[in-house]
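The values are calculated or read from the model by the stated rules, or taken from the named source; none is laboratory data. Model, not experiment: these values are computed from the prediction. Every residue, glycine among them, receives a Cβ derived from its backbone with ideal geometry; neighbour counts consider all protein chains shown. Just so you know, the surface numbers come from the protein's heavy atoms only, side chains and all, with ligands and any DNA or RNA stripped out. Shrake-Rupley method; radii C 1.70, N 1.55, O 1.52, S 1.80 Å.
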Amino acid sequence: MTVPSNPPAAPPVTAPAVTAPALDSPALQDSAFLRACRGEPVPHTPVWFMRQAGRSLPEYRKVREGIPMLEACRRPDLVTEVTLQPVRRHGVDAAILFSDIVVPLKAIGVDLDIKPGVGPVVARPIRSAADLEQLRDMEPGDVSYVAEAVRMLVAELGATPLIGFAGAPFTLASYLVEGGPSKNHEHTKALMYGDPQLWSQLMARLAQITTTFLQVQVAAGASAVQLFDSWVGALPAADYAAQVLPHSADVLGALGETGVPRIHFGVVTGELLGLMGEAGADVVGVDFRLPLDEAAHRVGAGRSLQGNLDPAVLFAPWEAVEARTKAVLAAGRTARGHVFNLGHGVIPETDPDVLTKVVDLVHRESARA
């Protein structure tokens, strides 16, 4: 696909539909990925990788050369090309939309940028009621370019499901309050504990933004969604239950009306897995720190699991990668359904050929089971 130098004008997006047009396709309904999400029998364990769109692929670096991240996310042709690259190369069972969790914030006018080697940086952090006014409700037309990219992808992918995604309210709040990435989340926790009313207002606004962003993707044809709560593992379970879960539940509950599977993933969330399941996900993502059989016990019946090979294992000799992959598959059989994935995103220096070999191994081994 040739990527134009300037993004095409995207048509306006109407209000999101209640149901997802992609799910009308019998081939999609029968895909191993969607069947596993629903806990149904599968011909093989489906596999995809978080951050598979980009990161380690030389073809991604070539097409992104000289294009800032947020600009790339606004270009439907470029988004389509990058999203398709790992499907072509690895033969994964699902594509995930190439985007970034701060795209909806930028779309409603928040002054932020993604700085290489740092991450999202917010010009005016939210630490007072006055600061909160920079967050307005999202309208579908704010992200018309995302809807256009999804429509293009659905047409190209055929029977391969497309996963839409968004950042969860807590993780977005952390970036907005801290002003950028943080190890300790001190400003975020200070606001949450010190001004619970403002915290609740901030989280409610972010839940609306996140919900609309995901609804736009589903209305355009995404056949599943993943809610990323990258930083929520910084919280104790009691604080998560009181201050975060209700807002994530609002997002996942609203998406439940669409009929698409909902995946909920966080990092360092072993102690939160049961609560994350209660928030309303169909599939709970598990990071690499907890075996899937133990995760299945904590999450409880009625939900599938996703995960959870340690991304760093991919740098080991193939014999070790193979053994660890088989161990994840074995532990995943204890869950209602299992979507094989990494326990975090693909590390940029990963050899793409190893990812391809893992996909082949997962398909072969699980087909025999």
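How large is the dipole of region 258-348 about the Cα centre if only Lys and Arg carry +1 and Asp and Glu carry -1, each at its Cβ, rounded to the nearest 20 debye? It would help to have the intermediate numbers written out before the result.
On the way: 8 positive and 9 negative charges, 41 e Å.
That gives a dipole near 200 debye.
Protein heavy-atom accessible surface, 1.4 Å probe, per residue over region 259-306: 33 Å².
3J(HN,Hα) couplings calculated from phi for region 166-175 with the Karplus curve 6.51 cos²θ - 1.76 cosθ + 1.60 (θ = phi - 60°) are, in sequence order, 7, x, 6, x, 5, 5, 4, 4, 4, 4 Hz; Gly and Pro show x. Distances between placed amide hydrogens fall under 5 Å for R51 paired with V346, all partners being 5 or more residues away or on another chain.
Roughly how many debye, to the nearest 20, is the charge dipole of region 78-151 about its Cα centre, given +1 on each Lys and Arg Cβ, -1 on each Asp and Glu Cβ, and no other charges? Please report the intermediate quantities before stating the final value.
Details: 8 positive and 11 negative charges, 57 e Å.
In total the dipole reaches around 280 debye.
Among G66, G302, G221, the largest mean-square fluctuation in a Gaussian network model of the chain (Cα springs under 10 Å) belongs to G66. Computed from phi, the 3J(HN,Hα) profile of region 301-317 under the Karplus parametrisation 6.51, -1.76, 1.60 (θ = phi - 60°) reads 5, x, 9, 8, 10, 10, x, 8, 5, 4, x, 6, 4, 5, 8, 7, x Hz, with x in place of Gly and Pro. Dipole magnitude for the chain: computed about the Cα centre from +1 point charges on Lys and Arg Cβ and -1 point charges on Asp and Glu Cβ, it is near 420 debye. Taking 0.36 nm per residue of sequence separation and removing the Cα-Cα distance, the A123/Q29 pair yields an extension gain of 29.5 nm.
Region 173-228 and region 94-151 have Cα centres separated by 11 Å. Projected label points at A155 and D131, each 7 Å from Cα along the beta carbon direction, are separated by 4.3 nanometres. With the simple spin-label model, which puts each label point 7 Å out from Cα in the Cβ direction, the A242 to R289 separation comes to 2.2 nm. By the gyration tensor of its Cα atoms, with a ≥ b ≥ c the square roots of the eigenvalues, what is the shape of region 73-129: rounded for a/c under 1.5, prolate for a/b over b/c, or oblate? Here region 73-129 falls in the prolate category.
Report summary: the helix-based calculation at 222 nm, which adds -39500 (n - 2.57) for every DSSP H run with n ≥ 4 and divides by the residues of the chain, gives -13500 deg cm²/dmol.
Here the Karplus relation 6.51 cos²θ - 1.76 cosθ + 1.60, evaluated at θ = phi - 60°, turns the backbone of region 178-194 into coupling constants of 6, x, x, x, 8, 7, 10, 6, 5, 5, 5, 5, 4, 5, 4, 7, x Hz, with x for every Gly and Pro.
Pairs of Cα atoms under 8 Å, at least six residues apart: use those to get the relative contact order of region 84-208, whole percent. Display every interim value, and only then the final one.
Values: 132 pairs, mean separation 38.4, N = 125.
Rounded, it is 31 percent for region 84-208.
Residues whose amide H falls under 5 Å from that of G285, counting only those 5 or more places apart or on a different chain, are H264, F265, G266, Q306, with hydrogens built in the peptide plane.
Spread over its residues, the convex hull of the C-alpha atoms of region 58-98 is 58 Å³ per residue. With the highest mean first, a sort of the peptides 352-364, 29-41, 163-175, 308-320 on other beta-carbon atoms found within 10 angstrom per residue produces 163-175, 29-41, 352-364, 308-320. Distance between the pseudo-spin-label points of A327 and T356 (7 Å out from Cα toward the beta carbon): 2.7 nm.
What are the trypsin sites (Lys or Arg not before Pro) within region 151-230 that DSSP puts in a loop, where the Cβ has at most 16 other Cβ atoms within 10 Å?
Those satisfying the criteria are K183.
Computed log10 I(q)/I(0) for region 243-369 at 0.13, 0.14, 0.15 Å⁻¹: -0.54, -0.62, -0.70, from the Debye equation with unit scatterers placed on every C-alpha and solvent omitted. Split the accessible area of region 218-349 by element, probe 1.4 Å, and carbon with sulfur accounts for 54%. Close amide H contacts of I96 (hydrogens built in the peptide plane, cut-off under 5 Å, sequence separation of 5 or more or a different chain): I163. Computed on the Cα trace of the chain, the radius of gyration divided by the Kirkwood hydrodynamic radius gives Rg/Rh = 0.94.
Surface composition of region 43-180: carbon and sulfur make up 49 percent of the accessible area, probe 1.4 Å.
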